[in-house]
Amino acid sequence: MAVTVKSQREINLMRDAGKILAEVHNQLAEIIAPGITTLDIDRKGEELIRKAGCRPSFKGYEGYPASICVSVNDEVVHGIPNKKHHLFEGDIVSLDAGVIYQDYQSDAARTYGVGKISEESQKLIDVTKESFFRGIEYARAGKHLYEISSAIQKYVEANGFSVVRDLVGHGIGREMHEEPQIPNYKPIGRGIKLCAGMTLAIEPMVNAGKYEVWFLEDDWTVVTRDGSKSAHYENTVLITDGDPEILSLV
Ligand code: MF3
Ligand code: CO
């Protein structure tokens, strides 16, 4: 399937989906504390998504068993919530969530510290988030896709961290994963030319150590090879002729 440009009606639905998802994340942020389990986060997230009249897009996606991906410390993404996995002071936890509202999707991720965390962990969280904002400086009609990728990579590496290569951002709309793929590092070439009406999920995944990852036996959880911590920050973004509109942030 080719890259899609959304109509005004579709954009409005994606705005609604994004706003709901932003609020789900804001409410989940409130429950992050030492002692809760990763399954508590999933349960609360699913409840909030359904209460808002949406479906959790991750649940059942290629067999994924939960509504929220909860990835702790060296888990990069796609951690599976578990009632035995408690959060501890000093952990960092990434929450990735997706909603479907009237057939349109939004996808967003945040990383939080649990209680008091190390300076290095806080820097990792801050650099990951800031790299997203550096990237979307180039998320404008007329720019090329890999200008976003390149800006993310430069900022992350200038801060001594590395961007994961094996997972990428993506177009989003009626499907969670649409074209184009959006690497967080600069591939060869410059990528497609961006047009107003494209909707993109831009999602830097940043490791404190090296960029290599392993895929665990559960077929989902992605972890850093070197055991270093990893952070994730993602929003669904609308390309316009002017500044990008971040749909999943309020
Ligand atoms: N947010 C993830 C992505 O951008 C999707 C989670 S995978 C799932 O690709 F299986 F949980 F849906
Ligand atoms: Co995504």
Q) Here are some conditions: (1) within 15 Å of ligand 1 (Cβ to nearest atom); (2) buried (at least 19 other Cβ atoms within 10 Å of the Cβ). Ser162 meets all but one. Which one does it not meet? A) (1)
Q. Closer than 21 Å to Leu39 by Cβ and in contact with a Phe, Trp or Tyr (Cβ under 7 Å, 6 or more places away or on another chain), is that true of Ile148?
A. no
**Q.** When residues of the range 62-100 are limited to those that are of a type in the set (Ser, Thr, Tyr) and touching a strand residue (DSSP E or B) at 6+ places or on another chain (Cβ under 8 Å), the one nearest to ligand 1 (Cβ to nearest atom)
**A.** Ser67
Q.
Six or more apart or on different chains, Cβ atoms under 6 Å: show the pairs whose first residue is in the range 195-216 and within 10 Å of Val76 (Cβ to Cβ) and polar (S, T, N, Q) and whose second is within 16 Å of ligand 1 (Cβ to nearest atom) and open to solvent by less than 30 Å² (accessible area, probe 1.4 Å).
A. Asn207/Ser230
(Q) I need the full set of residues from the range 53-108 which are open to solvent by 10 Å² or more (accessible area, probe 1.4 Å) and polar (S, T, N, Q), in order please. (A) Ser57, Asn73, Asn82, Gln102, Gln105
Q: Give the number of residues within the range 4-34 that are part of a helix (DSSP H, G or I), out of contact with any Cys (no Cβ under 9 Å at 6 or more places or on another chain) and within 20 Å of Ile92 (Cα to Cα).
A: 8
Q: Out of the residues in the range 183-228 that are small (Gly, Ala, Ser) and assigned to a loop (DSSP other than H, G, I, E, B), state the one that is surrounded by the most Cβ atoms within 10 Å (Cβ to Cβ).
A: Ala208
Q. Name the residues in the range 111-137 that are open to solvent by 60 Å² or more (accessible area, probe 1.4 Å) and in contact (Cβ under 8 Å) with a residue 24 or more places away in the chain, would you?
A. Lys116, Glu120, Lys123, Lys129, Glu130
Q | Test: residue in the range 35-43 that is assigned to a loop (DSSP other than H, G, I, E, B) and either in contact with a strand residue (DSSP E or B) (Cβ under 9 Å, 6 or more places away or on another chain) or open to solvent by less than 30 Å² (accessible area, probe 1.4 Å) (or both) | A | yes
Q: Could you please tell me which pairs satisfy a Cβ distance under 8 Å, a separation of 6+ or placement on different chains, a first residue in the range 80-107 that is free of Cβ contacts under 8 Å to residues at least 60 places away in the same chain and closer than 29 Å to Met14 by Cβ, and a second residue that is surrounded by fewer than 21 Cβ atoms within 10 Å (Cβ to Cβ) and among the hydroxyl-bearing types (Ser, Thr, Tyr)?
A: Pro81/Thr37
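The values are calculated or read from the model by the stated rules, or taken from the named source; none is laboratory data. Here the structure is a predicted model, which is why all the values come from computation and not from measurement. Every residue, glycine among them, receives a Cβ derived from its backbone with ideal geometry; neighbour counts consider all protein chains shown. SASA here: full protein model, heavy atoms, side chains in, ligands and nucleic acids out. Shrake-Rupley method; radii C 1.70, N 1.55, O 1.52, S 1.80 Å.
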